[in-house]
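What follows draws every value from the coordinates through simple rules; no lab data is involved. None of the values given here were measured: they were computed from a predicted structure. We place every Cβ from the backbone using ideal geometry, glycine too, and count neighbours over all the protein chains shown.
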């Protein structure tokens, strides 16, 4: 909430003008019944036509003033709300961009996207409505009551009774039905879940011949939903009739007491009409107020969700004096390992067991390091620590002998080319995508990368070459083509360290083999990490790290590991034939 | 033609509501009562005002009668209104339920190809959102339209009955309101269109950038993304400003028109009152009519768009409900008891779409207990074979026999009962682990379930879960690892253990230990059973009795490992490219 106010502060003028003008509009509306009353009492009684015309003119004037005030208010309210929403959106986007992987995992991408789009829209809309209505509606309600007092005290007492009764009914129904509506929503989610399950599990459901029981389950959930809906409907359907009864009863009482007052000569006929009119004005505003409250509670919930994202602080802090960190290498020069892990432990947020424990190794410049192990063994986690997507829980990761935490993030990441498991490309041309790796890459550099990644052939086949359009997510390309392009994207920057995170899974064996050969031949001086499930992919590596349940089960060349490492032998034997294992 | 479609949809809708025709009739009658009485009350109020003329000139006995009348009509109106709302709700939700159930039932009998060719999100939104939109929009729309028209007609009638002249004034001013409303609607429509287009663009960018935040960060693309975002965001702010402002004019503008009508009625009414044509009380009735007269017009213009949306939604839902179901089992179809496990494919042709031939003239004879491994690169159509065996899809030509019976002549239910299937995409239902294992045999005892879990090597991890076998797993097994999910799927089949198996090995291996368990469980299941395995591990492939080598949808080779290697064809190439040392 505080955050929202700080955005509104930039639009202080607008945020003040909007409700004030709304109030002005309302106060002019409050004069209308009085004008009509004097029309009746003075104009009609005295048969004074000019007076009636004058009063009619005043009514028109009030209408004109009303619309001018109202338009002014709407304009400034919209300006403030949209301004605040736009600022909020920009800052949230920037904030999310600063978060590290650990926080992104914790919040979840899907959530971030809805916060960014849906929630901010709801907040923006809420601000707009609040600015317009939060002063106006109570003002009309109490204004009508006060005006009633100026007309007649006894009549006004009817207002004093009716307004609290109306408020109790309107807000009572609101309070009762709102949680019920949440229940309805939950039940609807269940129905949706049932539908989704039947779609995603269609093969299993049919294989086990469970269609009928799925249908029965759906019907049960559906029946509960209807019951809930009808029940809530019954309650909220009370709102209109009950308020209608109260208002009209109040009017009846007004007429009766008014009649007595008129009979006693205290009140005129026109004033009675004015009192009745004031009563009618209240109802509409109370209903508006109730709707406003629903809107506010929704907007607050959305704002809280947005706030909770803002409150997540980026876990990875940039060092101020980037590059000033001391080199921890024993000696400077070629013998300093390019990448070294020193007894690294890592646990994901909230996880009971560490995902990596006690990992130590040294990778020299120009070496190829294979990382093998099953899913969940910690291969990708290990690779993610090198570019500091996550920080190690304990231990240290050194690049060129310097702790990565003491290097500038940009310095560090600029020398690393990473190919993630999921091959994503972005909307734009192929050239745009390739330049993600290096902003000023020439076509020549790009083509070289495409050559190495075995993508040149199919790129050449498409007529537009580097100007080829790529759809969102690269959906106009096959999985294998996408993978090769993501490899090229990483190669464009000629990284010192290349990380291939199971990047060849969609390639057929032949292309995969060619790719590995090309990388080996064209990456002199580059330290390459190859993560794979396939023993054949890492067999040729200078060093193979075997991970099992987050621990380093073995480290060495293929033949060394075949001798010494049980886990590695099991993996190889399950995938390779005897001759190949040798 | 579009008109035609609309009328067709309308007829269908009426058919859906038909069984609730009495309730609909009730609702309409109640609406009529409500409208008539609501309009009658201002007349009564006017009559009451006429009895309050001045000091000593108040007809209390007449007033008492009128007050009684007001009280009664208010009470009846309130009751009628509540009943009407309640009945409307009931009809709406019942119709929703009926249609949803119909749609869901259809989902259980359409061919699997429907699910394969339609995005899940689209089908879900048909079953959930569209049904809601359709029934609410339609029924609420209808009643609103009905009461709206009734109110306008009733108001006119009542006004005419009091005084035709002033009525003419009101009627003449009415078009003004319509013109203003339609002008604003048109203006704001284009703005809203711009707004939603730009919003779509922004959501697209957010989806892309936040959805792949890790890649964005890895390549340091955050700043560019922020720049793009802010550019679109500021464009959005511009359009939103205009759209919000224009649409927010509607209210003040109609209120302005309303005030003009009010002023005009006031002037002419007062004039008429002086002339003695109408009484002061009748003038008050007129004024309160003038107040509510323009309201239904605004509502009706809103209803029309809602009705149009409802029709579109209804058409989408009906499209799903009208989807062709899979052909029913033949009337004399065979109930396959316990198959021996002989499977023959004779001259089988199949393709998903006529343009691209997939399987052509496939022949295969499988003896009981044999293992068939299907190999080939991803996307070559290996799963197509599963689809055909299980009759998720029917062959286009040729015949598949089980124990010599063509499977087209066997009931789907009994055919599928004879297959145990473990797919790579592990689908679990939200529910307890126990329910999931017993999915194929809901009546299984706990002992049997535990036994199956033991045989699938799943018992130990299940016992370690917080509630053991009663642990609830959320949608798609969220808290379980991929390997654990796979083990549960195996346990599910283990409990039924049919004579034939279809296994889809996971491409990505699970952590080494679980993987060994899965392999053991697979081996245990396959003992003495005819098994079809979509294979990724060479160990599985080597032990198969027949290897089917698929490429681009065709079966290019079949035979045993050694035979195929000796042949030096596709298989040999595939095999060598993976393991050849270069």
Next item on the list: Treat the count of other C-beta atoms within 10 Å as a stand-in for reagent exposure and order B:63, B:497 from fewest to most.
Entry: B:497, B:63
Margin query: What distance in nm lies between label points placed 7 Å from Cα along the C-beta direction at residue B:448 and residue A:311?
Written below: 5.1 nm
Check: Can you give the relative contact order of the stretch B:343-579 as a percent, counting alpha carbon pairs under 8 Å and 6+ residues apart?
Finding: 27 percent
Check: Using alpha carbon coordinates only, what is the Rg to Rh ratio of the stretch B:335-376, with Rh defined as the Kirkwood radius?
Finding: 1.08
Next item on the list: Taking chain B as the reference, fit the longest principal axis to its C-alpha atoms, fit the long axis of helix B:512-526 to the helix C-alpha atoms, and give the angle between the two in degrees, 0 to 90, nearest 10.
Entry: 80 degrees
Next item on the list: Would you mind classifying the stretch A:224-323 by shape? Square roots of the alpha carbon gyration tensor eigenvalues, ordered a ≥ b ≥ c; an a/c under 1.5 is rounded, otherwise it is prolate if a/b is larger than b/c and oblate if not.
Entry: oblate
Margin query: Quick check: from the Cα gyration tensor, does the stretch A:505-549 come out rounded (a/c under 1.5), prolate or oblate?
Written below: oblate
Next item on the list: For residue A:300 paired with residue B:520, estimate the spin-label separation in nm (one decimal), with each label point 7 Å from Cα along the Cα-to-Cβ line.
Entry: 5.8 nm
Next item on the list: Any chance you could tell me what percent of the C-alpha pair distances in the stretch B:329-478 go past 21 Å?
Entry: 57 percent
Note to self: If you fit an axis through the alpha-carbon atoms of helix A:443-452 and take the longest principal axis of the Cα set of chain A, what angle between them do you get, 0 to 90°, nearest 10?
What the structure shows: 60 degrees
Note to self: Please compute the contact order of the stretch A:153-266 in relative form: average sequence separation of alpha-carbon pairs under 8 Å and at least six residues apart, divided by the residue count, as a percent.
What the structure shows: 51 percent
Item checked: Per-residue Cβ neighbour rank within 10 angstrom, fewest leading, B:194, B:338 -> B:338, B:194
Next item on the list: Could you list the residues of the stretch B:1-30 with an amide nitrogen less than 14 Å from a label point located 7 Å from the Cα of residue B:321 in the Cα-to-C-beta direction?
Entry: B:8-20
Item checked: the stretch B:343-579 pair-distance distribution - Cα-Cα, 5 Å bins, rounded % -> 1, 6, 14, 17, 18, 16, 12, 9, 5, 2, 0
Note to self: Using the basic label-point model (7 angstrom from Cα toward the beta carbon), what is the residue A:393 to residue B:146 distance in nanometres?
What the structure shows: 6.5 nm
Item checked: Label zone at residue B:399, where the point sits 7 Å out along the Cα-to-Cβ direction: the stretch B:357-373 residues whose backbone N lies under 20 Å -> B:360-368
Check: Is the shape of the stretch B:1-162 rounded, prolate or oblate, going by the alpha carbon gyration tensor and its root eigenvalues a ≥ b ≥ c, with a/c under 1.5 for rounded and a/b larger than b/c for prolate?
Finding: prolate
Item checked: Peptide-level mean, for B:60-66, of C-beta atoms on other protein chains within 10 Å -> 2
Next item on the list: Compute the FRET efficiency between residue A:46 and residue A:142 as 1/(1 + (r/R0)^6), taking r as their Cβ-Cβ distance and R0 = 35 Å, and round to the nearest 0.05.
Entry: 0.55
Notebook entry, point to check: In units of 2.2 N^0.38 Å, what is the alpha-carbon radius of gyration of the stretch B:106-176?
Noted result: 2.12
Notebook entry, point to check: Volume per residue, Å³, of the convex hull around the alpha-carbon atoms of the stretch A:1-94?
Noted result: 76 Å³
Check: How long, wide and thick is chain A, going by the Cα atoms along their three principal axes, in whole angstroms, largest first?
Finding: 117, 60, 51
Check: Ranked from highest to lowest mean number of other Cβ atoms within 10 Å per residue, what is the order of the peptides A:248-257, B:183-192?
Finding: A:248-257, B:183-192
Notebook entry, point to check: If we restrict to alpha carbons, what Rg and Dmax does the stretch A:174-234 come to, in Å?
Noted result: 14.3, 48
Notebook entry, point to check: Taking N as the number of residues in the stretch A:153-266, what value does Rg over Cα atoms divided by 2.2 N^0.38 Å take?
Noted result: 1.92
Item checked: Where only alpha carbons of chain B are counted, the Rg and the Dmax (Å) -> 36.0, 123
Notebook entry, point to check: What are the semi-axes of the equivalent ellipsoid for the protein assembly as shown, taken as the square roots of 5 times the Cα gyration tensor eigenvalues, largest first, in whole Å?
Noted result: 71, 38, 25
Notebook entry, point to check: Residues of B:47-56, mean number of Cβ from any other protein chain within 10 Å of their own Cβ, rounded to a whole number?
Noted result: 6
Item checked: Paramagnetic label zone (point 7 Å from Cα along Cα-to-C-beta, residue B:360; backbone N under 16 Å) in the stretch B:544-572 -> B:550-557
Margin query: Taking 45 Å as R0, compute the FRET efficiency from the Cβ-Cβ separation of residue A:94 and residue B:174 and round it to 0.05.
Written below: 0.30
Margin query: Let me check against my output: what whole-number percent is the relative contact order of chain B, with C-alpha pairs under 8 Å and at least 6 apart?
Written below: 14 percent
Note to self: Based on C-alpha coordinates, I'd like the Rg and Dmax of the stretch B:25-115, in Å.
What the structure shows: 24.5, 86
Checklist line | Solvent-free Debye scattering, log10 I(q)/I(0), computed from the Cα coordinates of the stretch B:288-374 at q = 0.16 Å⁻¹ | finding: -0.99
Item checked: Computed FRET value (nearest 0.05) for residue A:181 with residue A:213, which takes r as the C-beta separation and R₀ as 25 Å -> 0.25
Item checked: Expected 222 nm ellipticity per residue - DSSP helices of 4 or more, -39500 (n - 2.57), all of the protein assembly as shown, to 500 -> -21000 deg cm²/dmol
Note to self: Show me the ranking of peptides A:153-159, B:53-59 by mean Cβ neighbours inside 10 Å, starting with the highest.
What the structure shows: A:153-159, B:53-59
Margin query: Angle check, please: helix B:295-321 long axis (alpha carbons) against the longest principal axis of chain B (alpha carbons), in degrees 0 to 90, nearest 10.
Written below: 20 degrees
Next item on the list: May I ask you to sort A:397, B:17 by Cβ crowding, counting other Cβ atoms within 10 Å and putting the fewest first?
Entry: B:17, A:397
